[in-house]
Structure formats: structure tokens, C-alpha cells
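Each reported figure results from applying straightforward, stated rules to the coordinates on display, with no laboratory input. Since the model is a prediction, treat every value here as computed from it, not as a measurement. As a convention, Cβ positions derive from the backbone with ideal geometry for all residues, glycine included, and neighbour counts pool all protein chains shown.
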Amino acid sequence: MKKPSLPFGCCNFAKASRRDFLYGLGATLGTAAFNALLRAESPKADSAGPLAPKPQHHSAKAKACIFLFMEGGPSHVDTFDPKPKLRELHMKEFVRQDKFASAMASGKRYYVESPFQFRKAGQAGIDLCEHFQELAKVADELCIYRGCQGESINHPTACYHMNTGNRFGGDPAMGAWVTYGLGTMNQNLPAFVVLPELAYPQGGAANWSNGFLPAFYQGTPLRARGSPILDLDPPDGVTREVQRRNLDLLSALNREDAKQHPHQKELAARMETYELAYRMQAQVPDVVDLKKEDDKTLEMYGIGRKETDTFGRRCLLARKLVEKGVRFVQAFATGWDSHDYIAKSHKARMRAVDRPIAALITDLKQRGLLDETLIIWCGEFGRTPDNGLRGGTTAPGRDHNAKAMSIMMAGGGVKKGHVIGATDEIGEKAVEVVHPIKDLHVTFLRLLGLDDRKLTFFHEGRFKQLSQTGGEVIKELIA
């Protein structure tokens, strides 16, 4: 192979700075494959080094997590926490006293009963909204927690809080912490995969950021349709052999530079990302190809049905990913912010996720993976027992409520067929087994075999952790 010419002003390899040499590569080697990888700046980082499998801090059933995030704030009193008292109070004037009332609230407000009926499902008699028809069939696998309380009623800060432990963003997401602590079981796929809708959630990609952790641990967004990652495939005419030679050359140069500058980790992380992208070209297309699933499986997830196809694809892809060894998968579903017309909007949202989530639980159980996969369902907060702002009393909805929400879990060592905690008679605030979000995070880590006190990273002069300042395990949730 012809030796590449040096960047302008360099007379030999020894005198050429690493940065100059790398900039010169684009013009002298014509490496379309490398440039394609460089353009793919979407976050992904994995390697056999920093992401090699690591032992749990303590024995735990869960080895992977699927986090189903309902962005917008599902109403607990319309999904998993029925409040008959609201039927008595419906359309009576309501005055909220605490500081968590919506900052936008003005004028008279009224109690709003749920427009939905509830049923007792499973042997445990778990309360489920009538539109969770498929979830009712797996009710004995569910654990509903009603005692969680947040700190913010604004979407971006509440999303950041639930996903990263920090209301103001910039910290590592839960998936980043988990992969930092446990590594991954498949070096050819990202350890932390994100399945967003076309529109990102409020707060954007900071919801799955690596924060101050090394770049290896950032979430990698995949698309459920079309090419899973844009520019994943090399341009026409560029072979894998050419890509391999280019990456080998860059790796050799980087190793030499690392001997002189061992404290500089950024380029090493980027090179690991390029290596992962190279490996992903072979494995990702096979994983995301849902055509290889039989018709029965596709129907079970609701793929091909208008109302369930989109989220069904994400749930099926989540199963395929954890089956292939991916450690943490987060799937987003938006549209839960029902300030008005809650009867119409929440019905549509529940019907869109009901069949896919029930299928995910059933599918994992049939494959022997449910016990070792922790499934989490939640939004960033709950909703108020009174009407929202725009619809008035003719098409009522609900405002944001950080003091009461429902968290649904399954698999991974949680108590099956249980309802833990409670809210008051109108669903305004949690009153039993009450815990802040940081305790929820500590519990999730515990279920995955991680100790929040040991899972730390030194940054800005102190050791930091997901819980920020420490928390306690919610023992009532663990089987």
C-alpha cells in the first residue's frame, strides 16, 4: 500500500503531531469508510476493555434492564390508582394548597373523576384501567408502586431527574451508570441502547447522556424503522478490508501517542467508538430485522396494527437486544401530557402501549429471560386530581403532579402481583411507603446487583453517584 503523504509542514512521522496527522488523513488517504464513521457522531461507545462484563456488587437476579419511559406524565388515577372519591367530588370546586400546584394555574378549578372504569386483575386483584386489556392477562407478573414522589413539575427538569438523578441535566443517565458498573455481555453492540420516537423527549439526548462518565457509557439511539443508525453502512465501493486497515493504522498511531499522553482519554474513547461502529455493521442489521420474527410474535406485539405498531416495534426490538446481551434498553413513548381531553388522549396512549408491554413480559417469560430482566414503566411525574388548564370543565384533563405517581415493574426480582404504597383518597399525594426518586434509583441498582454507595465516579473533587447524595433501598419492592 502506498505510504500516505504527510500533512503540510511535517517532514516525517516522528515530528508530525497526532492531530495534524489525523487531519491530514482525510485528504491523503481518501478513506471514505473512516469519514463515514467520523460523521456518525451519534453517541455510542463500547469495547472489550471498559465495557467488559463486571461482577455484581451483590447477588441479584436481574442482569439487564428495559426502561419504558412514558414522557409527558401518565395520570396515576387513570391507569393504576383508582380513586372512587373523585366520583363523589366530580366538578366541585377545588383549591390546591401546596406549592406543587402548577405555576400556570389560574381561576377556578374543579375535581375531575376518571373517565375510565377499573378492574381487579389476576389472582392478586391488581387495579388496572379498562384499557389495559392485555396487561390484565399478565397482572400476576406486575408490581405497582404508588409511593414515589418527585421534586419538579416541569417536563425537562422532571425528565432529567427521573433519568439521571439530577433535575438540571448534565449527569449520567441510569443506563450509563448501569453499564459503568456491569459492562456488557455483547461487545458487538452498544451496552446502552435508546429507542426514541421521531421527536426526542423534552430535554433531548441529555436524558441518556454519559455526563461526567467516560464516553463509552453514553446511550446509543437506534431507529426501529429503516437504517437503525444513519451512515452505519460504508459508502459503495468501500470494503470491510479497507475499513479494517484504516482502523488498524489509526489504532497504532493512537497507541504510540497514548504512551506519551496517558492522561488524554478523549481520542481513545473515540477510537473505541469507531471500532464498535465497525463491529455493529455486521450485527445490528440482523438484530433490528423484525422480518425474521414469525407472524405469531409480530401479532402478539401488535406490529401491523395502526395503534400499536410503533411502540410494538420498540418493545420487540428491546427483547431482541437484551437477548443478544445488551445491558440496558430504554424505549420512549410520548404524548401523555393530557391537560385536556384526557378521556380521549389517555385512552389512545394506553391502547398504544398495552399490547406491546404485555407481549414483552410474555415473550421474555417464555424465553426464560423475565427473571433476569428488570422492566420499568413510568413517566416523569403523575397528574393532579383536578382539571387541567386549556379544556376547562367541558373537556377536562389534569395538571402536573410531582407528589404522586405510579411506577409499574415486572421481572428482575421485584415482588410479583403486588401493589406497594398508596396515595390519599383523591390521589393528590403519596401517603404510604413514601420515597423520593433517589430511593427508587438506589432500588433499581440494587435489583441489578449494584450498590449505589460503591458505584461512584470521582469528578470535580468528590465521588459522585446516581442518587446524588445517597438514598435507601425500598425493601418492600424486592421479592
What FRET efficiency, computed as 1/(1 + (r/R0)^6) with R0 = 35 Å and r the Cβ-Cβ distance, is obtained for Glu425 and Phe168, rounded to the nearest 0.05? 0.55
Would you mind ranking Val473, Val95, Val112 by Cβ crowding within 10 Å, fewest neighbours first? Val95, Val473, Val112
Farthest toward positive dipole pole in segment 374-427 [+1 Lys/Arg, -1 Asp/Glu at C-beta], among His400, Gly379, Gly427: Gly379
Other-chain or far-sequence residues with amide H under 5 Å of Ala121's (modelled H): Ile126, Asp127, Leu128
What is the order of Glu141, Glu472, fewest Cβ neighbours within 10 Å to most? Glu472, Glu141
Between Lys324 and His90, what FRET efficiency follows from the Cβ-Cβ distance if R0 is 35 Å, with the result rounded to 0.05? 0.10
Multiplying the sequence separation of Lys454 and Val433 by 0.36 nm and subtracting their Cα-Cα distance, what value in nm do you get? 5.1 nm
In nm, to one decimal, how far is the modelled label at Ala52 from the one at Gln123, with both set 7 Å along Cα→Cβ? 4.5 nm
Residue exposure sequence - Glu88, Glu134 - by fewest surrounding Cβ within 10 Å: Glu88, Glu134
Per 5 Å bin, what percent of the C-alpha pairs of segment 301-453 does each bin hold, from zero upward? 2, 8, 14, 18, 18, 17, 13, 7, 2, 1, 0
What length, rounded to one decimal in nm, is gained on full extension from Gln366 through to Lys291, with 0.36 nm per residue of separation minus their alpha-carbon distance? 25.0 nm
Work out how much length Lys306 to Ala199 would gain on full extension: take 0.36 nm times their residue separation and subtract the Cα-Cα distance, in nm to one decimal. 36.7 nm
Dipole magnitude (debye, nearest 20) for segment 389-441, charges at Cβ of Lys, Arg, Asp, Glu: 220 debye
Give the distance, in whole Å, between the Cα centre of segment 302-332 and the Cα centre of segment 121-158. 19 Å
